[in-house]
Amino acid sequence: MINEVWEPDMTAVFVSPAVLELSETLGFSHLHPRDRFWELLETAGITPKRVITSQERKALADGHAEGSLSDPVRLMFIEKRTSQLLRLGIGLAELNRRAAVTSEKDRSAIPDDNDINQFLAKVEALHPRILAFVTAPGIFVKAFKSRYPGLTDTPGRQRFQMASSEVWFLGSTTAQIRGASQTAQEELFSALGERISALRELL
């Protein structure tokens, strides 16, 4: 299973529902061709430049398919990107780490109670300032509504905390959205970017 990027006292940890098969194969999160995650981080100023470009994703996938992607090259790529994120105080995590799935629409992607308990234990131990959930609304609600009755599936900052962490719901970055919905998600990431910048100034 791919490693999470999560250390104590991070500024923000972005939480996906599950590990996707492509990411598991290549060794890093958010590598699906439809995933706008890295683009959104850059656009919002959360990262100063795109951590992983679409060209790099394609090169990794093509190299794996052709058998030309050596383990040393892949591991060097992972180490460099992980180091970039850690310097920025940005983490990556998944709710369900039991097995890699084809997509977050896969029924086996839905986290169970044990997954959630393990995740919340990490939150208590590592206390990130922000938990930012990049999941479909249904998964977010199903995972946490019983524990946090104030939770809503309205994108943005939630009116509750998990331990000492702010909670933001950002929606899925792999969903095929267009027009106003896409613009709304970009604005949401920008609002989060402003909050992260404010927290960084306090460090």
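Observations, loosely collected:
- For region 7-26, a residue qualifies if it is assigned to a loop (DSSP other than H, G, I, E, B) and crowded, with 18+ Cβ neighbours inside 10 Å, and the qualifying residues are Met10, Thr11.
- Test: residue in region 162-185 that is in contact (Cβ under 8 Å) with a residue 60 or more places away in the chain, surrounded by 15 or more Cβ atoms within 10 Å (Cβ to Cβ) and in a helix (DSSP H, G or I): yes
- Filter result for the condition that a residue is among the small types (Gly, Ala, Ser) and either touching a residue at least 60 places away in the same chain (Cβ under 8 Å) or out of contact with any Phe, Trp or Tyr (no Cβ under 9 Å at 6 or more places or on another chain) (or both), over Ser54, Ser16: Ser16
- Within region 186-203, being assigned to a helix (DSSP H, G or I), more than 22 Å from Trp38 (Cβ to Cβ) and of a type outside the set (Gly, Ala, Ser) holds for Glu201, Leu202.
- Residue within region 123-138 that is part of a helix (DSSP H, G or I), at pLDDT 95 or above and crowded, with 16+ Cβ neighbours inside 10 Å present: yes
- Verdict on Ala65 being in contact (Cβ under 8 Å) with a residue 40 or more places away in the chain, of a type in the set (A, V, I, L, M, F, W, C) and either out of contact with any strand residue (DSSP E or B) (no Cβ under 9 Å at 6 or more places or on another chain) or buried (at least 21 other Cβ atoms within 10 Å of the Cβ) (or both): no
- Restricting attention to region 94-122, the residues that are of a type outside the set (Gly, Ala, Ser), under 19 Å from Thr174 (Cα atoms) and not in a helix (DSSP H, G or I) add up to 11.
- Meets criteria (in contact with a Gly (Cβ under 9 Å, 6 or more places away or on another chain) and either surrounded by 14 or more Cβ atoms within 10 Å (Cβ to Cβ) or part of a loop (DSSP other than H, G, I, E, B) (or both)) for Pro149: no
- For region 68-113, the candidate set comprises residues that are modelled with pLDDT under 90 and of a type in the set (Asp, Glu); within that set, the residue that is surrounded by the most Cβ atoms within 10 Å (Cβ to Cβ) is Glu104.
The values are calculated or read from the model by the stated rules, or taken from the named source; none is laboratory data. None of these values were measured; they are calculated from a predicted model. All Cβ positions, even for glycine, are placed from backbone atoms using ideal geometry, and neighbour counts span all protein chains on display.
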